[in-house]
Amino acid sequence: MKNVVATILAFSAISIAGAQEKEKPQPGNPSLASSKDELAKLAASEKGTYKYTVADYFKKPSQFSFQFSPNGQYLSYKERDAKGKSHVYVKNTTTNEVKRIIEEKDELIRGYNWAGNTRLVYMQDKGGDENYHIYAVDLDGSNKKDLTPFDGVKASISKILKDQPDYMIVEMNKENPQVFEPYKINIKTGEAVKLFENKDIANPIGGFDFDKDGNLKAYTQQQNGTENALYYRAGNDKPFEKVIQTTWKDDFSIIAFDYTTPNPNDAFVVTNTESNTREIILYDLALKKTIKKVYSNPTFDVSGLVTSRKRGYEVDYYYYSGEKDHTIPVSATYKKLHARLEKQFDGKDFGLAGITDNEDKYLVYVTSDKLYGTYYTYDVAKDSFKEIMNLAPQLKETDMAEMRPIKFISRDGLTIYGYLTIPKEASKSKKVPLIVNPHGGPYGVRDNWGFNPETQLFASRGYATIQIDYRGSGGYGKKFFVAGNKQIGRKMLEDLEDGVAYAKTLDFIDGSKVAVYGGSYGGLATLGSLVKTPDLYKCGIDYVGVSNLFTFFKSFPAYWKPFLAQVYEQWYDENSAADQKIMTEVSPALNIDKITKPLFVSQGANDPRVNIDESDQIVSKLRAKGVATPYMVKYNEGHGFGHEENQIELYQCMIGFFAKYLK
């Protein structure tokens, strides 16, 4: 499936983490890691005095991740303690009694949800290895149970069954590490029943579609390594029949079954099989035909739709990301609500973070490019709003920098979109340095407008940041997506270079002071940029980035292996002599002599996506030729740092590095 491989190197700088088991040897070559003192010295290179500290941008909010219980009787949230740990609390909305339900210890709580009105489920891994376990616990903190107690197995929640509160559907690669299978699990007893076998390893199933009652209606199976076939059955006693077969370049994905029609075979599908951008259609899966086109945008891919369970699953709104996020109201009920929210939060972005089953209470999240985010509750009967938490009250909105949507034309004629965060002091008379920040992925991922603690931190220190949705990024249609094929280290980097050229036309950018920093694929782009155009950049920061495509392919986790054929078409084919030549040319670790500018490298030791060897290679080779390369390794982290103290130290070092080489 396209989304499986497209986001291979997507990551969040505030995501995956946990604790390293002490009895295990440390991954990689520990002797390469810079000492605490060396990193502290690097951080101290920033001598300036500023209104906000690095911690002001990256410490966790005092309370966050708010959720209503389905009946609205409880409000749950995470709360940060003095040590930076975030525990899950539940508040009775009638009595205001608060109880801590889940304690976060060494391992981070990677997410939690309500499963019915009396039980919570949550996820944890070990040290960022992404082999998630799913746990369940009662509202008083008792009856904690590991629902997926299997070592080395990756579990994910596929569907919480609203009408069967004791059950949910999860997917696990328990029987074979390369493929995932669905199980219906009793969240009280842990009893699990396998719902379908994914036994054709050569042509694995990449996704399952269940209806609201937990019936498996459809699945998408890989065919010939690079194609996908959607199979559907009209009833549990009917055979699965092929509906459509596409290449990985095309989308045809069920996003919701239509329960407003007497025809049980109708479904809303997001597809680009007959268009450049992804559109929503209503489709008859039994007759294999489009009933009608529902919504599309000529420039941007449509993301999805939201329905109302209370009102018989009528469609409330469609949504997509353009230069900013957009919501298209549909139902009369939601149109009224949307108008009320627009009036209340004029000029801000808002979204529904939660809703009770009776739709009498809403959680509203309000944000902007200058506002980290504030949660409100909305009582429908009283038509009243109540602020419950400003996530970052220490960061004054009036002090934050503007994030400006931009677009420019690449040297070969593509329209490239992106964002530019501009320090408040930037002007024609006070030009500022520029940080180029390519996103991870690379395929199918994109940057978005909104509050970004990274770019705000950089702006507070006097650096503008440009984020470029280079070719291959998601959200801009099929042609733009496919334009990234086999362009890693080549035209993808040229898009970054053209973005710098665009920025230099602005009268507040100092074109002589440009740096490049990225995480995951963005780390590879950073290294590649220092190889390809060393004179363009003063320095670079590589965060959990790939350095050698040959070793990277060999280190794929087992569940990526079935999709290698697509990787070979989209990235490069390690079995092709022609592609091997390109892979050698675009693998920074194999072109170390071309890197002449200062580099700072950071890596999570337990990263299952980008093995620590990728960072070890680049550091050891640079040091071998006499280049001092600071190297931060955290042994309780994976693909991105999740522990608060590690994040803060990382950004302190980044700011010190930029102060030393970019100011």
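On the stretch given as region 507-530, residues that are surrounded by fewer than 22 Cβ atoms within 10 Å (Cβ to Cβ) and in contact (Cβ under 8 Å) with a residue 24 or more places away in the chain total 5.
Conditions (1) part of a loop (DSSP other than H, G, I, E, B); (2) of a type in the set (S, T, Y); (3) surrounded by 20 or more Cβ atoms within 10 Å (Cβ to Cβ), marked per residue:
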residue: K310; (1), (2), (3): yes, no, no
residue: Y319; (1), (2), (3): no, yes, no
residue: E323; (1), (2), (3): yes, no, no
residue: H326; (1), (2), (3): no, no, no
residue: K343; (1), (2), (3): no, no, no
residue: G347; (1), (2), (3): yes, no, no
residue: A353; (1), (2), (3): no, no, no
residue: Y372; (1), (2), (3): yes, yes, yes
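Condition check ((1) in contact with a Cys (Cβ under 7 Å, 6 or more places away or on another chain); (2) more than 27 Å from Y362 (Cα to Cα); (3) of a type in the set (S, T, N, Q)) across all residues:
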position	(1), (2), (3)
D213	no, no, no
A229	no, yes, no
P239	no, yes, no
T277	no, yes, yes
S296	no, yes, yes
T299	no, yes, yes
Y313	no, no, no
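Within region 425-446, is even one residue free of Cβ contacts under 8 Å to residues at least 40 places away in the same chain, out of contact with any helix residue (DSSP H, G or I) (no Cβ under 7 Å at 6 or more places or on another chain) and surrounded by fewer than 23 Cβ atoms within 10 Å (Cβ to Cβ)? Within region 425-446, one or more residues are free of Cβ contacts under 8 Å to residues at least 40 places away in the same chain, out of contact with any helix residue (DSSP H, G or I) (no Cβ under 7 Å at 6 or more places or on another chain) and surrounded by fewer than 23 Cβ atoms within 10 Å (Cβ to Cβ). Look at region 453-471: where a residue is closer than 11 Å to I422 by Cβ and a partner is among the acidic types (D, E) and in a helix (DSSP H, G or I), sitting 6+ places away or on another chain with Cβ atoms under 8 Å, you get T465/E454. Looking at V270, V315, V302 in this structure, which one is within 30 Å of A339 (Cα to Cα) and touching a Gly at 6+ places or on another chain (Cβ under 7 Å)? After applying the criteria, what remains is V270.
Residue-level check: of (1) modelled with pLDDT under 95; (2) touching a His at 6+ places or on another chain (Cβ under 8 Å); (3) not aliphatic (A, V, I, L, M), K83 misses just (2). Under the condition of being of a type in the set (S, T, N, Q) and farther than 20 Å from H639 by Cα, which residue from region 110-124 is nearest to the chain's Cα centre (by Cα)? Checking each candidate, the answer is N113. Scanning region 198-221 for residues that are among the polar types (S, T, N, Q) and at pLDDT 95 or above yields N198, N215, T220, Q221. Of all residues in region 404-446, those satisfying the criterion of being under 20 Å from L527 (Cβ atoms) and assigned to a loop (DSSP other than H, G, I, E, B) are N437, P438, H439, G440, P442, Y443, V445.
Just name the residue that is surrounded by the most Cβ atoms within 10 Å (Cβ to Cβ) out of those in region 82-116 that are of a type in the set (A, V, I, L, M, F, W, C) and either touching a Cys at 6+ places or on another chain (Cβ under 6 Å) or assigned to a loop (DSSP other than H, G, I, E, B) (or both). Applying the filter and picking the extreme gives A115.
Residues in region 196-213 that are surrounded by fewer than 18 Cβ atoms within 10 Å (Cβ to Cβ) and either hydroxyl-bearing (S, T, Y) or within 27 Å of Y135 (Cβ to Cβ) (or both): F196, E197, D211, K212, D213.
With respect to G347, determine if the residue is in contact (Cβ under 8 Å) with a residue 40 or more places away in the chain, outside the structural domain of S76 (by TED's automatic domain parsing) and not β-branched (V, I, T). When the stated conditions are applied, G347 does not pass them.
Inspection of region 117-138 identifies at least one residue that is surrounded by fewer than 16 Cβ atoms within 10 Å (Cβ to Cβ) and part of a strand (DSSP E or B).
Restricting attention to region 207-219, the residues that are under 19 Å from Y283 (Cβ atoms) and touching a residue at least 24 places away in the same chain (Cβ under 8 Å) total 9. Across region 447-475, the number of residues qualifying as in contact with a Lys or Arg (Cβ under 7 Å, 6 or more places away or on another chain) and buried (at least 21 other Cβ atoms within 10 Å of the Cβ) comes to 5. Is it the case that region 152-172 has a residue that's in a strand (DSSP E or B), of a type in the set (S, T, Y) and free of Cβ contacts under 8 Å to residues at least 40 places away in the same chain? Scanning region 152-172, I find at least one residue that is in a strand (DSSP E or B), of a type in the set (S, T, Y) and free of Cβ contacts under 8 Å to residues at least 40 places away in the same chain, so the answer is yes. If I filter region 220-235 down to residues being among the polar types (S, T, N, Q) and free of Cβ contacts under 8 Å to residues at least 40 places away in the same chain, which single residue comes out as nearest to F180 (Cα to Cα)? Checked region 220-235; the qualifying residue nearest to F180 (Cα to Cα) is Q221.
Condition check ((1) out of contact with any Leu (no Cβ under 7 Å at 6 or more places or on another chain); (2) farther than 27 Å from Y463 by Cβ; (3) crowded, with 20+ Cβ neighbours inside 10 Å; (4) outside the structural domain of L434 (by TED's automatic domain parsing)) across all residues:
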position	(1), (2), (3), (4)
A381	yes, yes, no, yes
S384	yes, yes, no, yes
A401	yes, no, yes, no
R404	no, no, no, no
G413	yes, yes, no, no
I416	yes, no, yes, no
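One residue alone among A33, A55 is surrounded by fewer than 19 Cβ atoms within 10 Å (Cβ to Cβ) and among the hydrophobic types (A, V, I, L, M, F, W, C), and that residue is A55. The residues of region 583-636 that are outside any helix (DSSP H, G or I), closer than 23 Å to E130 by Cα and of a type in the set (D, E, K, R), listed by number, are D607, R609, K634.
Check whether at least one residue in region 483-502 is assigned by TED's automatic domain parsing to the domain that holds I595, farther than 26 Å from N591 by Cβ and in contact (Cβ under 8 Å) with a residue 12 or more places away in the chain, and report yes or no.
yes
The values are calculated or read from the model by the stated rules, or taken from the named source; none is laboratory data. The structure presented is a predicted model; accordingly, all values stated were derived computationally and were not measured. Here the Cβ is made from the backbone with ideal geometry for all residues, glycine too, and neighbour counts use every protein chain on show.
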